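Notes to accompany the following structure.
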Amino acid sequence: MNSLTDNIKNWAKDTAGKVKQRLEDHAAYSKMKVEEVAEMVLNHESTEHKRHEYVGVVLHDYHLRLGDTDLILETKGDAALYILECKVIQRGHLIGEFQSWDKRKNVLDSMRVPAFIKELD
């Protein structure tokens, strides 16, 4: 009987620990509109920018590293930028992504970002 009680206590501790971890993980993230993330990347002083031209099409690659998080933006055009792709990568894991060719999404949709990124906005 003592073994059963110990098993129940261990299960309860394990479950409580997992719930606590999930709540902490959830609190560590927030949501921002794709266009807000893009605007942040475009306007941040630490953003790296590369311009490419292929067959008359102008492409821009932007990279911003904030702490352990990379914000990657790819746009098309020179005057009015069209967002092709926007990614948020934290510690090597993709946590938020927008791709213009995915017709289910648009730049007004929200994407997952670390909470500290939203606080910078």
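Here, each number is a calculation from the coordinates, and none is a lab measurement. None of these values were measured; they are calculated from a predicted model. Here the Cβ is made from the backbone with ideal geometry for all residues, glycine too, and neighbour counts use every protein chain on show.
Side notes on the structure shown:
- For the chain, adding -39500 (n - 2.57) for each run of n ≥ 4 DSSP H residues and dividing by the number of residues yields -11000 deg cm²/dmol at 222 nm.
- FRET efficiency for the K31 to K9 pair, using the beta carbon distance and R₀ = 41 Å, is estimated at 0.65.
- Relative contact order computed over the chain (Cα-Cα under 8 Å; 6+ residues apart), in percent: 24
- Local net charge near Y82, Cβ-Cβ under 12 Å (Lys/Arg +1, Asp/Glu -1): -3
- FRET efficiency for I89 and V57, using Cβ-Cβ distance with R0 set to 30 Å, rounded to 0.05: 0.75
- Candidate cross-link partners of K76 among the lysines, defined by an alpha-carbon separation under 26 Å and a same-chain spacing of 8 or more, comprise K31, K33, K50, K87, K103, K105, K118.
- Helix 2-27 axis, angle to the chain major axis (alpha carbon atoms, nearest 10°): 20
- Pairs of alpha carbons in the chain separated by more than 23 Å make up 43% of all such pairs.
- Assuming charge only on the beta carbon of Lys and Arg (+1) and of Asp and Glu (-1), the dipole of the chain about its Cα centre is about 600 debye to the nearest 20.
- Normalised contact order of the range 61-121, rounded percent, pairs of Cα under 8 Å and 6 or more residues apart: 21
- Modelled FRET efficiency - R0 30 Å, D78 with A115, Cβ distances, 0.05 increments: 0.30
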